[in-house]
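One structure, pasted below without further comment.
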Amino acid sequence: QVQLVESGGGLVQPGGSLRLSCAASGRTFSSYAMGWFRQAPGKEREFVAAFSSSGRSTYYADSVEGRFTISTNNAENTVHLQMNSLKPEDTAVYYCASRTSRLFATQAASYDYWGQGTQVTVSS
């Protein structure tokens with residue numbers, strides 16, 4: 001059974017940084033595409049970043065391009081999301097997700113497994 005557990009969320013001031021982690025059991029990250037999504041109160045879950053294991057490529061939403069970086073630690077079977085230059089509009093619950101494919105996707109419905117989420121709050 002696949003389980004994903006996020007960590008690293010918290011309260012940060014605008015312009016600050018956070019590093020989220022997603023630890024997996026029951027699945028090897030390097031063999032499947034992984035994604036990060038977020039959901040703010042009253043809004044739909046939206047795509048943030050993804051990693052494709054087929055070409056080991058990454059893809060980002062326009063709103064986070066240049067500020068966020070997705071990476072993997074194969075030895076620890078962990079996916080990270082480094083978030084820099086954070087803005088109040090980045091405030092949301094962040095989820096990691098895994099899909100049974102080597103190709104990334106931007107639609108939440110394309111992912112098969114989800115973590116419980118970690119809260120990120122950007123506020124002064």
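Does Val64 count as touching a residue at least 12 places away in the same chain (Cβ under 8 Å), touching a helix residue (DSSP H, G or I) at 6+ places or on another chain (Cβ under 8 Å) and buried (at least 22 other Cβ atoms within 10 Å of the Cβ)?
So Val64 passes the test.
Now for a separate question. Does Ala75 satisfy being part of a helix (DSSP H, G or I) and open to solvent by 30 Å² or more (accessible area, probe 1.4 Å)?
Working: part of a helix (DSSP H, G or I): no; open to solvent by 30 Å² or more (accessible area, probe 1.4 Å): yes.
Against the criterion (part of a helix (DSSP H, G or I) and open to solvent by 30 Å² or more (accessible area, probe 1.4 Å)), Ala75 does not qualify.
Now, a different point. Suppose we filter Ala33, Ala40, Ala49 for residues that are over 11 Å from the mean Cα position of the chain (by Cα), aliphatic (A, V, I, L, M) and buried (at least 16 other Cβ atoms within 10 Å of the Cβ); which single one remains? Walk me through how you get there before you give the answer.
Values: Ala40 fails: buried (at least 16 other Cβ atoms within 10 Å of the Cβ); Ala49 fails: over 11 Å from the mean Cα position of the chain (by Cα).
Just one listed residue meets the conditions, Ala33.
For the list (1) in contact with a Leu (Cβ under 9 Å, 6 or more places away or on another chain); (2) open to solvent by 50 Å² or more (accessible area, probe 1.4 Å); (3) within 21 Å of Ser7 (Cβ to Cβ), I need the number of the one condition that Ser54 fails.
It is condition (3) that Ser54 fails.
Moving on. When you check Val5 against the structure, is it open to solvent by 60 Å² or more (accessible area, probe 1.4 Å), in contact with a Cys (Cβ under 8 Å, 6 or more places away or on another chain) and in contact (Cβ under 8 Å) with a residue 24 or more places away in the chain, yes or no?
It is true that Val5 is open to solvent by 60 Å² or more (accessible area, probe 1.4 Å), in contact with a Cys (Cβ under 8 Å, 6 or more places away or on another chain) and in contact (Cβ under 8 Å) with a residue 24 or more places away in the chain.
In addition: Could you identify the single residue in Gly9, Gly42 that is out of contact with any strand residue (DSSP E or B) (no Cβ under 9 Å at 6 or more places or on another chain) and not basic (Lys, Arg)?
Gly42
Can you tell me which residue in the range 96-113 is surrounded by the fewest Cβ atoms within 10 Å (Cβ to Cβ), limited to those that are of a type outside the set (S, T, N, Q) and within 14 Å of Val2 (Cβ to Cβ)?
Asp112
Against the condition among the charged types (D, E, K, R), outside any loop (DSSP other than H, G, I, E, B) and modelled with pLDDT of 95 or more, how does Glu89 come out, does it pass?
Criteria met by Glu89.
Look at Ser98 and say whether it is polar (S, T, N, Q), in contact with a Gly (Cβ under 9 Å, 6 or more places away or on another chain) and closer than 23 Å to Asp62 by Cβ.
no
Can you go through Val79, Val93, Val64 and tell me which one is over 24 Å from Gly26 (Cα atoms) and among the aliphatic types (A, V, I, L, M)?
Details: Val79 fails: over 24 Å from Gly26 (Cα atoms); Val93 fails: over 24 Å from Gly26 (Cα atoms).
Exactly one residue qualifies, and that residue is Val64.
Also, I was wondering about something else. So, Thr69, is that one open to solvent by less than 80 Å² (accessible area, probe 1.4 Å), free of Cβ contacts under 8 Å to residues at least 60 places away in the same chain, hydroxyl-bearing (Ser, Thr, Tyr) and in contact with a His (Cβ under 9 Å, 6 or more places away or on another chain) or not?
Yes.
The values are calculated or read from the model by the stated rules, or taken from the named source; none is laboratory data. Small disclaimer: the values here were computed from a predicted structure and weren't measured. Reconstructed Cβ throughout: ideal geometry from the backbone, glycine too, with neighbour counts over all protein chains shown. All accessible areas refer to the heavy atoms of the entire protein, side chains included, with ligands and DNA or RNA removed. Shrake-Rupley method; radii C 1.70, N 1.55, O 1.52, S 1.80 Å.
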